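The values are calculated or read from the model by the stated rules, or taken from the named source; none is laboratory data. Keep in mind that what you see is a predicted model, and the values were worked out from it rather than measured. Every residue, glycine as well, gets a Cβ built from its backbone with ideal geometry; the counts of neighbours run over all protein chains shown. Please note that ligands, DNA and RNA were not included when accessible areas were found on the heavy atoms of the full protein model with its side chains. Shrake-Rupley method; radii C 1.70, N 1.55, O 1.52, S 1.80 Å.
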Amino acid sequence: MSVIIVSPNGEKPSHETLVKCHTANPDGIGIAWIQGRSVHYIKGLQTVEQLETALLPLQDATFVVHFRLATVGGKDPRLSHPFPIARDS
């Protein structure tokens, strides 16, 4: 089962919270955020430190963090969420 953090106002979770989430689901981290009218994402992060660095520039941005627990596909950082979906796919 996934662990997901949603921050509608850019409030960053504490380091301790991120460590607990990553300890529970240690097989990859992905983030997605809204900037202007576009959605951006980074996936395949492996450490809380990488995540915290990626979150630094997201001032007041709505974002979602997903912590993966490997199931289908095994332990592969490319399988971290999010997965982009286009209208024509």
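Odds and ends about this structure:
- In sequence order, calculated HN-Hα J values of segment 57-64 (Karplus, 6.51, -1.76, 1.60; Hz; x Gly/Pro): x, 8, 5, 6, 8, 6, 9, 10
- Zone residues, segment 50-89, relative to residue 20, backbone N less than 16 Å from point 7 Å out along Cα-to-Cβ: 67
- A probe of 1.4 angstrom, applied to the heavy atoms of all protein chains, finds residue 66 with accessible area near 20 square angstrom.
- Accessible area in the full protein assembly, largest first, 1.4 Å probe, for 64, 48: 64, 48
- For segment 25-89, the Kirkwood estimate of hydrodynamic radius, built from reciprocal distances between every pair of different alpha carbons, is 12.5 Å.
- Å² of accessible area per residue within the chain, as computed with a 1.4 Å probe and no ligands counted: 66
- Amide H partners (placed H, <5 Å) of residue 80, local residues excluded: 44
- Taking the accessible area of the chain, probe 1.4 Å, and keeping the other protein chains in place, the carbon and sulfur fraction comes to 59%.
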